[in-house]
Each structure stands twice: as structure tokens, then as C-alpha cells.
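Structure incoming, see below.
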Amino acid sequence: MKLVYITGASSGIGQALALQYYRAGWRLALVARRVDELRAWAQAQDLAPERWAVYGADVRDVDAITGAGRACIATQGLPDVVIANAGISIGMDTAELADIEVMRQIYETNNIGLAATFQPFVAAMLARGSGALVGIGSVAGIRGLPGHAAYCSSKAAVISYCESLRGECRPFGVKVVTISPGYIDTPLTRQNRYSMPFLMQPDDFAARAFEAIAAGASYRVIPWQMGVVAKLMRALPNALFDKLLAGRPRKHRQGH
């Protein structure tokens with residue numbers, strides 16, 4: 001029975017992905033800071049105890065998250081799929097000194113945490129000659145949005161990092177998949193103060209992500225409609241792009 005390792009599994013996309021893989025017959029290695037909450041969820045879903053395990057770690061703590069990966073290998077074996085899903089989104093204003101620390105927090109979670117999630121598995125997967133490393137990006141990584149400087153740049157970095165890693169792993173039979181969600185109805189997006197076109201439910205997203213990962217897609221925007229929007233945004237001249245975003249509500253800053 002195949003094994004999937006998922007960070008940020010206590011809510012939102014991570015939880016939906018866990019349920020999708022479980023229903024497809026996989027074993028689960030679930031990682032989150034809120035261990036008790038995650039265990040309670042798994043028990044409430046009546047998941048077979050022998051098919052899941054929980055590891056407590058904050059992806060910002062490199063020792064903790066790499067330790068969780070090593071513990072998974074020792075306890076459940078080397079996963080077939082590793083999904084670095086944990087991420088945060090907080091608005092920032094560069095004019096505010098406190099928000100530089102917010103930027104650090106976002107980068108440590110969305111970027112360093114992603115690389116540290118993969119680290120324990122890379123050498124073993126390359127030696128085995130199979131496996132998939134999945135980075136969760138965002139369409140927000142396509143262009144910078146006012147008030148989202150930290151989040152947009154962090155997700156742009158996820159996309160580029162995974163592309164680099166893909167070139168390193170491809171010769172050894174290990175796939176690197178980048179999934180860039182559009183707007184998914186999760187606690188992360190419910191605080192947004194602007195319209196969210198093509199809003200998806202987490203279960204629908206998880207089903208499409210599962211298919212993309214199984215197909216070994218190198219890069220996939222979900223839903224596809226947001227992929228079209230993202231391409232159009234990327235093609236817009238800066239002057240027109242700036243005009244379209246003028247007056248758009250900014251994301252809430254931390255504590256607001």
C-alpha cells in the first residue's frame with residue numbers, strides 16, 4: 001500500500017488531500033503543529049488506525065521538520081509522494097518596520113519550510129529511482145499584487161525552486177510536481193476582502209491535484225480557468241496591469 005506524506009494536514013487543502021489519498025487506498029503520514037487536533041480529525045473520519053500516523057512539527061523549525069521526515073521513514077517507510085503543503089498568507093506594508101518580521105515568517109514557512117520538508121526524502125528517493133515531491137505554489141506567484149508582497153514573492157520562489165529541483169531529480173526517476181491553486185475555500189482565503197473568481201471547494205481541488213500528481217504533471221494550475229487568467233495577467237503590459245489593480249483592497253496585515 002502506497003504512502004503519502006503531507007505537511008499542513010490539520011486544515012484546508014492539506015486535510016482535503018489527506019482524505020483524497022486515503023479514499024484512494026493510500027497510507028497517510030500527516031504533519032502539523034496541532035497534533036491533537038489532527039488526530040481528533042482522523043479519528044472522527046473513522047480512518048483505519050493502521051493506515052495513518054501523525055508527526056508534530058512546525059515547518060519553520062528545520063530540525064523539527066527534517067526530524068519528522070526521518071521519523072516517517074523509520075516508522076512507515078519511504079513515502080511514494082511527499083506534499084509540501086504547509087503555508088501562510090499575511091498582508092504586509094513595507095513602510096511598517098514590524099512587517100519585515102512578517103516577511104521573514106512567511107519566507108521561513110513557505111520557502112525554507114518547503115525545502116526542509118523535502119530534504120529527508122530526496123537522497124533516498126533518488127537511490128530508489130522513484131517518487132514524487134510536490135510543492136504547493138499559487139497563482140499569486142505569477143505576478144505581484146499590492147499588499148501581498150511577501151506572499152506573492154514567496155510563491156514565485158516556490159515555483160522557481162521546484163523547477164530547479166525538477167531538473168536535478170528527473171535523471172534519477174524522481175518527479176517534482178508544482179501545483180498552483182487558484183482560490184480555494186479555506187481559512188486562508190476566507191479573510192480576503194476582494195472577489196475570488198472560480199472559487200473551489202477543497203475536496204474538488206484535492207481530486208484534481210491527486211490526478212495531476214498521479215500523471216506526473218510538472219506544473220498545474222487548479223482550476224484550469226485560473227491558469228488562463230494567470231497567463232493573461234503575465235502577458236499584460238505593466239501600465240495596464242497596474243491600472244487594473246488600482247484601488248483593489250489589500251490583504252489584512254497581521255493583527256488587523
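The values are calculated or read from the model by the stated rules, or taken from the named source; none is laboratory data. Predicted, not measured: the structure shown is a model, and the values here were computed from it. Cβ sites come from the backbone with ideal geometry, for glycine too, and all protein chains shown count toward neighbours. The area values use the complete protein model at the heavy-atom level, side chains included, leaving out ligands, DNA and RNA. Shrake-Rupley method; radii C 1.70, N 1.55, O 1.52, S 1.80 Å.
With respect to SER89, determine if the residue is modelled with pLDDT under 95, under 24 Å from MET226 (Cα atoms) and in contact with a Pro (Cβ under 9 Å, 6 or more places away or on another chain).
Taking the combined requirement at face value, the residue does not satisfy it.
Could you tell me which numbered condition VAL35 fails, if it satisfies all but one of (1) under 21 Å from LYS2 (Cα atoms); (2) within 20 Å of the chain's Cα centre (by Cα)?
So the condition that VAL35 fails would be (1).
Checking the condition open to solvent by 60 Å² or more (accessible area, probe 1.4 Å) and either in contact (Cβ under 8 Å) with a residue 60 or more places away in the chain or touching a Lys or Arg at 6+ places or on another chain (Cβ under 9 Å) (or both), which residue from ALA74, ALA84, ALA57, ALA98 passes?
The match here is ALA98.
Going through SER130, SER153, SER89 one at a time, which residue ends up being within 17 Å of the chain's Cα centre (by Cα) and open to solvent by 30 Å² or more (accessible area, probe 1.4 Å)?
Residue meeting the stated conditions: SER153.
With respect to the numbered conditions (1) touching a residue at least 24 places away in the same chain (Cβ under 8 Å); (2) more than 22 Å from ARG27 (Cα to Cα), which one is the sole condition not fulfilled by MET125?
Condition (2) is where MET125 drops out.
While we're here: Can you pull out the residues in segment 136-150 that are open to solvent by 30 Å² or more (accessible area, probe 1.4 Å) and out of contact with any Leu (no Cβ under 7 Å at 6 or more places or on another chain)?
Across segment 136-150, the qualifying residues are ILE142, GLY144, ALA149.
Which count do you get for residues in segment 125-152 that are touching a helix residue (DSSP H, G or I) at 6+ places or on another chain (Cβ under 7 Å), among the aliphatic types (A, V, I, L, M) and not in a strand (DSSP E or B)?
6
Hey, any hits in segment 138-149 for a residue that's on the phi < 0 side of the Ramachandran plot, at pLDDT below 95 and of a type in the set (Lys, Arg)?
yes
What pairs can you find where one residue is in segment 153-176 and hydrophobic (A, V, I, L, M, F, W, C) and assigned to a helix (DSSP H, G or I), the other is open to solvent by 40 Å² or more (accessible area, probe 1.4 Å) and modelled with pLDDT of 95 or more, and their Cβ atoms are less than 6 Å apart, with a gap of 6+ or different chains?
Every condition considered, the pairs that remain are PHE172/LEU126.
Same structure again: Collect the residues in segment 22-37 that are in contact (Cβ under 8 Å) with a residue 24 or more places away in the chain, open to solvent by 40 Å² or more (accessible area, probe 1.4 Å) and part of a helix (DSSP H, G or I), keeping them in residue-number order.
Selection gives GLU37 alone.
If ALA18 satisfies all but one of (1) closer than 23 Å to SER89 by Cα; (2) out of contact with any Phe, Trp or Tyr (no Cβ under 9 Å at 6 or more places or on another chain); (3) assigned to a helix (DSSP H, G or I), what's the number of the condition it fails?
(2)
Mind listing whichever residues of segment 77-124 are assigned to a helix (DSSP H, G or I), more than 14 Å from VAL158 (Cβ to Cβ) and β-branched (Val, Ile, Thr)?
Hits for segment 77-124 are ILE100, VAL102, VAL122.
Ok, one more. Among the residues of segment 101-119 satisfying the criterion of being within 22 Å of GLU163 (Cβ to Cβ) and of a type outside the set (A, V, I, L, M, F, W, C), which is surrounded by the fewest Cβ atoms within 10 Å (Cβ to Cβ)?
Checked segment 101-119; the qualifying residue surrounded by the fewest Cβ atoms within 10 Å (Cβ to Cβ) is GLN119.
Each row is one residue, and each column tells you yes or no for (1) at pLDDT 90 or above; (2) among the charged types (D, E, K, R).
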position: PRO197; (1), (2): no, no
position: ASP204; (1), (2): yes, yes
position: LYS231; (1), (2): no, yes
position: ALA246; (1), (2): no, no
position: PRO249; (1), (2): no, no
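Still on this structure, please answer the following. Which of the residues spanning segment 38-76 are more than 17 Å from MET1 (Cα to Cα), among the hydrophobic types (A, V, I, L, M, F, W, C) and not in a helix (DSSP H, G or I)?
Passing the criteria: VAL54, ALA57, VAL59.
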